[in-house]
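Following: one structure in structure tokens, then a few remarks.
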Amino acid sequence: MMKFFSRSIFSPKNDTYQVSVLLVCTANYCRSPMAEGMLRQQLFEKDLSQDVRVDSAGTHVSRNGQPPDIRAQKTVSASGVRIAKLRSRSIKSIDFVEFDYILAMDTNNYRSLLSLCPDEHKNKLMMIMSFAPQFGVTEVPDPYYSNKAGFKQVYTFLEQAITGLVSSIEQKHGLS
């Protein structure tokens, strides 16, 4: 069954969320929207959508308001996730205050976040692949200049990391 995710419906800003997660890549065009949709799907399947706020952003977004790359959309839609309604946006200073987990896709994004983040919130910054140490990779490669296989590889990496992330959130925050 396909799930259609829209930030306005599934992740409104309110105070009822116990946990908040921001997924960050370079342009908020391929990896982070894929991760956002996939995380929303796993949370929905575990009946945790109302407990976890999810969003995505980019460190170097050329144009805010763009839909995800069509190749990213097609890759996640094969598993029943629709991300076409998501729109790109740049990381904002308030994000460092509002989100509990700010997860970078690669080292360059992590360094960009470190340079922007106030010291008191740097403990929120992590690499997304740190939630899948058994997978043996530290970064999710940018598939933008890649082919279909590159997007599938990103999906595989994110699937492992998101499963680990959800498990960690459930344990750390007592959700189930």
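The values are calculated or read from the model by the stated rules, or taken from the named source; none is laboratory data. A quick note: this is a predicted structure, and the numbers were derived from the prediction, not measured. Heads up, the Cβs are rebuilt from the backbone with ideal geometry, glycines too, and the neighbour counts pull from every protein chain shown.
Filter the range 82-98 down to the residues that are in a helix (DSSP H, G or I) and either more than 16 Å from the chain's Cα centre (by Cα) or more than 17 Å from GLU36 (Cβ to Cβ) (or both) and list them by number.
Taking the range 82-98 and keeping what is in a helix (DSSP H, G or I), we get 95-98.
Answer for the range 82-98, where residues must be in a helix (DSSP H, G or I) and either more than 16 Å from the chain's Cα centre (by Cα) or more than 17 Å from GLU36 (Cβ to Cβ) (or both): PHE96, VAL97.
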Seminar exercise, completed: Filtering the range 118-176 for residues that are small (Gly, Ala, Ser) and in a loop (DSSP other than H, G, I, E, B) leaves a count of 5
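What is the residue count in the range 99-111 for residues that are in contact with a strand residue (DSSP E or B) (Cβ under 8 Å, 6 or more places away or on another chain), outside any loop (DSSP other than H, G, I, E, B) and either surrounded by fewer than 19 Cβ atoms within 10 Å (Cβ to Cβ) or hydrophobic (A, V, I, L, M, F, W, C) (or both)?
4
Are any residues in the range 68-81 out of contact with any Leu (no Cβ under 7 Å at 6 or more places or on another chain) and part of a loop (DSSP other than H, G, I, E, B), and if so, which ones? Walk me through how you get there before you give the answer.
In the first step, residues of the range 68-81 are kept if they are out of contact with any Leu (no Cβ under 7 Å at 6 or more places or on another chain); the result is 69-81.
Across the range 68-81, the qualifying residues are ASP69, ALA78, SER79, GLY80.
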For this session: May I ask you to list the residues in the range 137-176 that are at pLDDT below 95 and loosely packed, with under 14 Cβ neighbours inside 10 Å?
Result: GLY174, SER176
Problem set entry | Test set (1) out of contact with any Ser or Thr (no Cβ under 8 Å at 6 or more places or on another chain); (2) under 23 Å from GLY65 (Cα atoms); (3) surrounded by 12 or more Cβ atoms within 10 Å (Cβ to Cβ); (4) of a type outside the set (Ser, Thr, Tyr) - LYS122 fails condition number | (2)
